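Trainee: First, the structure itself, so that you have it in front of you.
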Amino acid sequence: LQKFLILLHVTTCTIIGKTLMILFPNAMKRYILKLGEKSRMNENPKFSYENWGPTFFSFKYLLFVLKVKWKRLEDEAYEGHPAPNTPVVTLNGEARHLSDFMRDNRPLILNFGSCT
């Protein structure tokens, strides 16, 4: 149900955004450039709006946003529910998932730290 609601929301926003880009291209360009300021995309002179602006609200944009939002949905933890099977990287650089380290019914303990 959550994935369906995300699909509905992102698809609706993409359709509205694409329609506004067609009807009001200059206003949408200003809006998208304003969004780009937050991420500092506008600071690279070789990366102009013409290179990335038209990709907003495209089909590829829709698929990318869905992928990110669905992935974030999988990484959320809720009290009383099973823990998410989050991807982790071993010391050898190998990508694994938390469930790969489970053994029988023993609890899995994660210990985080840093060494500087």
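The values are calculated or read from the model by the stated rules, or taken from the named source; none is laboratory data. This structure is a prediction, so every number in the text was calculated from the model and none was measured. Glycine also receives a Cβ, built like all others from the backbone with ideal geometry; neighbour counts cover every protein chain displayed. All accessible areas refer to the heavy atoms of the entire protein, side chains included, with ligands and DNA or RNA removed. Shrake-Rupley method; radii C 1.70, N 1.55, O 1.52, S 1.80 Å.
Trainee: For the range 31-57, which residues satisfy the criterion of being surrounded by fewer than 10 Cβ atoms within 10 Å (Cβ to Cβ) and either under 25 Å from Leu7 (Cβ atoms) or of a type in the set (D, E, K, R) (or both)?
Mentor: Lys38, Ser39, Arg40, Glu43, Lys46, Glu50
Trainee: Then there's this: Filter the range 54-83 down to residues that are modelled with pLDDT under 80 and in contact with a helix residue (DSSP H, G or I) (Cβ under 8 Å, 6 or more places away or on another chain) and give me whichever is farthest from Met102 (Cα to Cα).
Mentor: Restricting to residues being modelled with pLDDT under 80 and in contact with a helix residue (DSSP H, G or I) (Cβ under 8 Å, 6 or more places away or on another chain), the top hit is Leu73.
Trainee: Another question, then. Anything in the range 16-38 that is within 18 Å of Leu63 (Cα to Cα) and in contact (Cβ under 8 Å) with a residue 24 or more places away in the chain? List them, or say none.
Mentor: Gly17, Lys18
Trainee: So which of Asn44, Asn85 is more than 21 Å from the chain's Cα centre (by Cα) and over 25 Å from Cys13 (Cβ atoms)?
Mentor: Unique residue meeting the criteria: Asn44.
Trainee: So, one more: Any residue in the range 83-92 that is open to solvent by 90 Å² or more (accessible area, probe 1.4 Å) and under 21 Å from Phe4 (Cβ atoms)?
Mentor: Within the range 83-92, none of the residues are open to solvent by 90 Å² or more (accessible area, probe 1.4 Å) and under 21 Å from Phe4 (Cβ atoms).
Trainee: Which condition number does Gln2 fail, the rest of (1) within 30 Å of Leu98 (Cα to Cα); (2) of a type in the set (S, T, N, Q); (3) at pLDDT 85 or above being met?
Mentor: (3)
Trainee: Give the range 44-55 a look and list any residue that's farther than 13 Å from Arg30 by Cα and aromatic (Phe, Trp, Tyr), or say none.
Mentor: Once the filter is applied, which keeps residues that are farther than 13 Å from Arg30 by Cα and aromatic (Phe, Trp, Tyr), the range 44-55 yields Phe47, Trp52.
Trainee: Right, here's the next one. List the pairs whose first member sits in the range 85-105 and is more than 15 Å from Asp75 (Cα to Cα), whose second member is open to solvent by 100 Å² or more (accessible area, probe 1.4 Å) and not in a loop (DSSP other than H, G, I, E, B), and whose Cβ atoms are under 6 Å apart, counting only residues at least 6 apart or on separate chains?
Mentor: Partner pairs satisfying both residue conditions: Ala95/Val89.
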